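Participant: Please see the structure below; I have some questions.
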Amino acid sequence: MRLSALFVRLGMFFLAAIVCAFAAGAAVATVETRSVEGVRQMLDERGHSFASVLGDGLQVILEGEAPSEVMGQRAISAAGSVVNASRVIDNMTVTNSAIPDAPEFAMEILRNDSGISIIGLIPASSDRGDLTATLERIAGVDSNFADLLESADYDVPAGWDSAVEYALLALRQLPSSKISVRSGRVSVEAISDSPEQKAELEASLRRSIPTGLFTTINISAPRPVVSPFVTRFIIDENGAQFDSCVADTPAAERRIVAAATAAGIEGRVGCSVALGTPTTRWADAVVMSINAVEELGGGTVTISDVDITLVARAGSVEGNFDRIAGELENNLPEVFALEAVLPAAPTPGNEGPPQFIATLSPEGLVQLRGRVSDDLLNSTAENFARAKFGSADISMATRVVEGLPNSWPIRVLAGIEALSKLSNGSVVVEPNNVIVRGNTGAQDAGGEITRLLIDKLGSSSDFEVSVTYVEELDPIASLPTEEECLAGIMAVTEARKITFEPSSAMIAGAGAAILDDIAEILQRCSNLRIEIAGYTDSQGSEDGNQRLSQQRADAVLDGLRVRRVPVSNFRSIGYGEANPIADNETADGREANRRIEFTLTTPESTEEPTALEQIEQEAADAAAEKATE
């Protein structure tokens, strides 16, 4: 009985253990299933379908290929929000995790009076030593140079070398500048000393842009100081026009141009934005004055600093004139003073007013004719014209008469000075009027002449300025292109040949005159890239001919340098007896082959082939060699 009771107790114990084991296993399976289902549902909701979920007891295992390291971490974090993070096992891999993207190479160069600094990231395979040496030379021995560049070992991107070379070319010309460089792109910001220098620099930089390089050029110039600050608006039988237009801000310019357009002015209109305005309400006064002229149906208004002169058309209705002038006077800003003039209607006469006429021909001939008040004015006018035009081609056809106004000498000399602002044209001086007509290569010549006449004759004086801007006469806008410069050199060298002393690099006497003509052409052609090539005939040794041709090319380059031609982008190369253009068996042929040639060059590419390009080239060479066997 005792033995059987023991067996019963042991059986009950083992039975209880088995039941507990089954219960624990069922609980773990339930937890595992629910954990896997919960994590899978969370990953699907978060868009991490790339991860698969496995259960291993209480552990949750994530497998699959994550598109990036970041996405893999996000999947783990999402799983950790469902179960305890310590139960999450990461067995995922990352796509292309071992291939980092190449960085964007870029650098920024700053130049000012204190020196040059450069910062950025450049390819490790580029010639950093040559770059910094060039920048140090540009900065000069007395200036600072700060090199803050970093490098990365990646292939040089396409367009990087041409962008760097153009940036250095621009930096040489711009003492105050910031130049940003990226592959195939250069951005230039700079400050010039004057509007004229700004236009010249922009033209020079645009001519030097390599093919395929995208550039942004922004050169600012200080605003000119204008005194007196003058705007003159006219409506006559020829329509509406400005003789002069200045504004203190771009916003003021837009307001003035809008008012003039509404008053009937046509074509492209612009005002000079300048310093020197007497008040911040300049645009208000100009717009009101233009509106008054339009309402009168014609006339002239001159705003000179704070003095405004409104001149109606002769014969205008007096009551209407008084109303418009009164409204303008009361509405003007307090600082301005208005003088309103209503000319009397003209009366018929048998004889026109006395005149003094000055003309300037396109060839530079100046003729003075008409009436002068005395011999002193006659000689003064001639000497003044010689001083202003710098020419002895002054033709005098004047006549001394009595009865001219006391202001006649001032009007005559002001007319001559106004004519000197033109490339060609005429000035007619009358007792009550001065008429200036002609062509000019200066865009603001009309405004300059208007300010001159107001300064000399007074703001209430009547005058007409009809000046046409001709781009061909503009010394900056009409700068020749590279091709035009080379064509000029070719014309000189085709008509005459640069010759040397026999078996020598000494330029013969006639050659010096040819270099003078070539230098004169190159003085107007900045930043040209030219190769000066020397050639010989086939007589003598090949090595000796090559040395002689190099010496002759160098002699031409040195001859241009001493004539103050900028030759920093020139190169001289001797080709010896190569590339003959005539038969070396004849005397005439040998004479033709002994020559100097000028050609335009383009920057040479310094890009090294990539590893892939080298492999492809080697494979192509091997295939070609096998095909020939």
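The values are calculated or read from the model by the stated rules, or taken from the named source; none is laboratory data. Note that the coordinates shown come from a computational prediction; the quantities given were computed from them, not determined experimentally. Positions of Cβ are backbone-derived with ideal geometry, glycine not excepted, and every protein chain shown enters the neighbour counts.
Participant: Is one or more of the residues making up the range 396-405 in a strand (DSSP E or B) and closer than 20 Å to E464 by Cα?
Facilitator: So far as the range 396-405 goes, no, none of its residues is in a strand (DSSP E or B) and closer than 20 Å to E464 by Cα.
Participant: I've got another one for you. Looking only at the range 55-98, filter to residues that are surrounded by 15 or more Cβ atoms within 10 Å (Cβ to Cβ) and assigned to a loop (DSSP other than H, G, I, E, B); which one of those is nearest to the chain's Cα centre (by Cα)?
Facilitator: Here the residue is M92.
Participant: In addition: Tell me whether the range 173-181 contains one or more residues that are touching a strand residue (DSSP E or B) at 6+ places or on another chain (Cβ under 7 Å), assigned to a strand (DSSP E or B) and closer than 18 Å to T211 by Cβ.
Facilitator: yes
Participant: Can you tell me which residue is surrounded by the fewest Cβ atoms within 10 Å (Cβ to Cβ) among those in the range 541-557 that are of a type outside the set (A, V, I, L, M, F, W, C) and within 22 Å of D517 (Cβ to Cβ)? First the steps, then the outcome.
Facilitator: Of the range 541-557, the ones of a type outside the set (A, V, I, L, M, F, W, C) are 541-547, 549-552, 554.
Okay, now just the ones that are also within 22 Å of D517 (Cβ to Cβ), so 552, 554.
Working: R552: 27, D554: 16.
Taking the candidates together, the pick is D554.
Participant: Can you work out which of the residues in the range 173-213 that are charged (D, E, K, R) and touching a residue at least 60 places away in the same chain (Cβ under 8 Å) is surrounded by the fewest Cβ atoms within 10 Å (Cβ to Cβ)?
Facilitator: This residue is E196.
Participant: Here is a further query. Yes or no: R496 within 28 Å of the chain's Cα centre (by Cα) and basic (K, R)?
Facilitator: No, not satisfied.
Participant: Are there any strands (runs of 3 or more DSSP E) wholly within the range 424-534 with 3 or more residues that are modelled with pLDDT of 90 or more, and if so which?
Facilitator: Values: elements: 424-430, 433-440, 463-469.
Counting at least 3 such residues, we get 424-430, 433-440.
Participant: To continue, here is another question. Is the range 538-556 home to any residue that is modelled with pLDDT under 90 and assigned to a strand (DSSP E or B)?
Facilitator: no
Participant: How many residues, within the range 569-593, are touching a Lys or Arg at 6+ places or on another chain (Cβ under 9 Å) and either of a type in the set (D, E, K, R) or not assigned by TED's automatic domain parsing to the domain that holds L486 (or both)?
Facilitator: Residues that pass the stated criteria total 3.
Participant: Right, another one. Test each condition in (1) out of contact with any Cys (no Cβ under 9 Å at 6 or more places or on another chain); (2) surrounded by 21 or more Cβ atoms within 10 Å (Cβ to Cβ) for T231 and report the one that comes out false.
Facilitator: Result: T231 fails condition (1) only.
Participant: Mind checking which residues of the range 564-605 are part of a loop (DSSP other than H, G, I, E, B), farther than 21 Å from I518 by Cα and more than 30 Å from the chain's Cα centre (by Cα)? Talk me through it step by step, then tell me what you get.
Facilitator: To start, the set of residues in the range 564-605 that are part of a loop (DSSP other than H, G, I, E, B) comprises 564-569, 575-586, 594, 601-605.
From what's left, farther than 21 Å from I518 by Cα: 575-586, 603-605.
Once the filter is applied, which keeps residues that are part of a loop (DSSP other than H, G, I, E, B), farther than 21 Å from I518 by Cα and more than 30 Å from the chain's Cα centre (by Cα), the range 564-605 yields Y575, G576, E577, A578, N579, P580, I581, A582, D583, N584, E585, T586.
Participant: Limited to the range 236-286, what total is found for residues that are assigned to a loop (DSSP other than H, G, I, E, B), among the hydrophobic types (A, V, I, L, M, F, W, C), in contact with a helix residue (DSSP H, G or I) (Cβ under 6 Å, 6 or more places away or on another chain) and under 20 Å from P224 (Cα atoms)?
Facilitator: Residues that pass the stated criteria total 2.
Participant: For the subset of the range 359-383 comprising residues that are outside any loop (DSSP other than H, G, I, E, B) and under 40 Å from the mean Cα position of the chain (by Cα), which member is surrounded by the most Cβ atoms within 10 Å (Cβ to Cβ)?
Facilitator: L360
Participant: State yes or no: is L310 surrounded by fewer than 20 Cβ atoms within 10 Å (Cβ to Cβ) and under 23 Å from L453 (Cα atoms)?
Facilitator: No.
Participant: Please find, among V341, V293, V366, the residue that is in contact with a Lys or Arg (Cβ under 9 Å, 6 or more places away or on another chain) and touching a residue at least 24 places away in the same chain (Cβ under 8 Å).
Facilitator: V366
Participant: Would you please name the residue that is surrounded by the fewest Cβ atoms within 10 Å (Cβ to Cβ), looking only at residues in the range 125-145 that are among the hydrophobic types (A, V, I, L, M, F, W, C) and in contact with a Gly (Cβ under 7 Å, 6 or more places away or on another chain)?
Facilitator: F145
Participant: So R561 ticks every box in (1) in a loop (DSSP other than H, G, I, E, B); (2) more than 23 Å from S541 (Cβ to Cβ) but one. Which box is left unticked?
Facilitator: (1)
Participant: Right, something else. Across the range 214-227, what is the number of residues that are over 9 Å from the mean Cα position of the chain (by Cα) and surrounded by fewer than 18 Cβ atoms within 10 Å (Cβ to Cβ)?
Facilitator: The number of residues fulfilling the criteria is 8.
Participant: Separate question: Of the residues that make up the range 186-205, is at least one charged (D, E, K, R), outside any helix (DSSP H, G or I) and over 13 Å from the mean Cα position of the chain (by Cα)?
Facilitator: Yes, the range 186-205 contains a residue that is charged (D, E, K, R), outside any helix (DSSP H, G or I) and over 13 Å from the mean Cα position of the chain (by Cα).
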